[in-house]
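The values are calculated or read from the model by the stated rules, or taken from the named source; none is laboratory data. On a predicted model such as this, the values are computed, not experimentally measured, just so you know. Virtual Cβ from ideal backbone geometry, glycine too; neighbours counted across all protein chains shown. What goes into the accessible areas is simple: the full protein's heavy atoms, side chains included, and nothing from ligands, DNA or RNA. Shrake-Rupley method; radii C 1.70, N 1.55, O 1.52, S 1.80 Å.
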Amino acid sequence: MHLYLVDSAVKIGLSENRLTVKSAADDSLVRDFPFDDVDGISVFGKPQFSTHLLCACIGRAVPVLFYSEDGRYFGHLSLSEHVDPERQKRQIYLSDDKDFCLAWSKRIVRAKLLNGLQMLQSLPDVYEFQERELHGLLHSLEYLHTAESVSQVLGFEGNGAKAYFSCLPKLLTNGDFSFRGRSARPPRDAFNSMLSFGYSIVHRNIVGAVNAAGLHPSFAFLHATKQGHAALASDLMEEWRAWLVDRVVLDLVNGGAVCRGDFYENDVGAVRMQVNAMRCLAHRLGDEMVRSEAYFFEGGDGRACGFQVALRRKVLMLAEAMEKGDPAAYQPFVWRRDMEARGHAEGS
C-alpha cells in the first residue's frame, strides 16, 4: 500500500506499529494503518512528520517522497544499503553500448505507441477514430524497426506522441475542460496539469523500485543522462503513461470527479491543481496501483497482480537483461483489452 498525504493540516506518526494521521489542530485521530502494509509514502505540502516514523521508514526501506503542494518533486528518503555496485557498473557500461541502447529503445517505444493506440481505441462509444486520424501512430509503429540510432527512435516516438495527443481531446466529453495537446513545463490547462501530476507520482514510484533493485536511476538507455533527471525511471515510465495515467485522468474528468474550480492559474500562466483535485487524482491512482490487474508482457502470459508487484517484476527483468547483455530478456507491458478481461475472469 502506498499512501498519498495531500493535507498540510495533519500530523503523521507511528504508534504501536501503526502509522497514524492526526489533526494538527486538536490532535484527534483521522486515520491509521498497519505500518507493515505500507510500501511507500508520498507527502504533498507540509504536514508534520515524526522523527520516529522517518527512522522506521529508513530502517524498513519504505521510501518517503516529498512534493510541494502543487506537485513539484523535492526529494526522497531511502536506504542506501540497496545499492549494488556491480549491477550499477554493468548498467553504466551498457548505457554507452549503442547496440543495447538501440534494441532497448525500440522495445520501449513500441510498447508506448501500442498502448497509446489501445487507449484511443478503448472508448468507441465516445469516439471511433478513422485510420487517417491515427496515421502518425500507425506510421511510427510500422517503421520503428528501421531506426538505426536512438535519436531516430526518439523521432518515431515524437511523431507518434504528437498524433496521440492530437487525438486524445476527442475522448474528452466534459465541456468545462479544454485540451489542445500536451504542454508540460508549464501545464497550460487543467487537463495537462492533471497529466503532469499523475506522471510525477508514477515516475517517483518507479524511482523507488529502481533504487530497491540496486540500480542507479540516472543511467538509462533511451533517455539521455543529465544532472537531476532519473532517466532510467523515465525509460520505464513510457509504457505505463497511457494505461495508468491518461486513462485515469480522462475518467476523472469525464465522470465529473473534478471541476474547473479545482484549478487555478499562477502569475506565469501555469495551471495548477487545488488540494481537492490533487487528493482526488492521488487517491484514484493509488487505487489503480493496488488493484489486482491482469498485466501482460510481450512473450508472456498475464497474471493478476497489483501495479507495484508488476513494477518490481519489470525491474528484475531489466536487471536480467543487463546481466545477459540482451534487451530481449525485458518484456515490455502491452495493454491488451481482450486478454485483460479474460485475466480478470481467471483471477476471480
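Surface composition of segment 89-143: carbon and sulfur atoms hold 48% of the protein heavy-atom accessible area at a 1.4 Å probe.
For a straight C-alpha distance cut-off of 18 angstrom, the lysines reachable from Lys22 (same-chain residues fewer than eight places away being disregarded) are Lys11, Lys46.
Suppose the chain between Asp326 and Ser68 were pulled fully straight at 0.36 nm per residue; how much longer would it get relative to their current alpha carbon spacing?
88.9 nm
Cross-linked pairs Lys112/Lys314; Lys89/Lys112; Lys170/Lys314; Lys162/Lys324; Lys226/Lys324: Cα-Cα separations exceed 24 Å for Lys89/Lys112; Lys170/Lys314; Lys162/Lys324; Lys226/Lys324. Entry note, the chain: the mean residue ellipticity at 222 nm calculated from DSSP H runs of n ≥ 4, each adding -39500 (n - 2.57), is -14000 deg cm²/dmol after division by the residues and rounding to the nearest 500.
Shown here are the Rg and Dmax of the Cα trace of segment 163-234, at 15.3, 46 Å.
Modelled spin-label separation between Gln88 and Val309, with each label point placed 7 Å from Cα along the Cα-to-Cβ direction: 3.1 nm. The P(r) of segment 1-136 has a tail past 22 Å containing 61 percent of all C-alpha pairs. Heavy atoms of the protein chains alone define the surface here; on that basis segment 41-161 has 54 Å² accessible area per residue at 1.4 Å probe size.
With the cut-off at under 13 Å, measuring from each backbone N in segment 256-279 to a point 7 Å along the Cα-to-Cβ line of Arg31 picks out 279.
A cut-off under 10 angstrom between Cβ atoms defines the neighbours of Val248, and their net charge, with Lys, Arg +1 and Asp, Glu -1, is -2. Taking every alpha-carbon pair within segment 74-226, the share separated by more than 23 Å comes to 50 percent. With r defined as the distance between the Cβ atoms of Asp251 and Gln130 and R0 fixed at 22 Å, what FRET efficiency is calculated, to the nearest 0.05? Between Asp251 and Gln130 the formula returns 0.40. Once you list every other residue whose beta carbon is under 11 Å from the beta carbon of Ala329, what net charge do they have if Lys and Arg are +1 and Asp and Glu are -1? Charge balance in the 11 Å sphere: -1.
Residues with beta-carbon under 9 Å from that of Ala257, excluding Ala257: net charge, scoring Lys, Arg +1 and Asp, Glu -1? Combined, the nearby Lys, Arg, Asp and Glu give 0.
Given +1 at the Cβ of Lys and Arg, -1 at the Cβ of Asp and Glu and no other charges, the dipole of the chain around its Cα centre is 420 debye to the nearest 20. Our summary gives segment 102-256 a relative contact order of 28 percent, counting only alpha carbon pairs under 8 angstrom and 6 or more residues apart. Using 0.36 nm per residue of separation minus the Cα-Cα distance, give me the extension gain between Ser149 and Cys259 in nm, one decimal. Contour length minus the Cα-Cα distance gives 35.2 nm. Determine the shape class of the chain: with a ≥ b ≥ c the square roots of the Cα gyration tensor eigenvalues, call it rounded for a/c under 1.5, and otherwise prolate if a/b is greater than b/c, oblate otherwise. Verdict is oblate for the chain. Under the shape rule built on the C-alpha gyration tensor, where the axes satisfy a ≥ b ≥ c, segment 9-70 is oblate, since a/c reaches at least 1.5 while a/b does not exceed b/c. Distance from the alpha carbon centroid of segment 162-196 to that of segment 1-44 works out to 33 angstrom.
The value of relative contact order for the chain, using C-alpha pairs under 8 Å at least six residues apart, is 16 percent.
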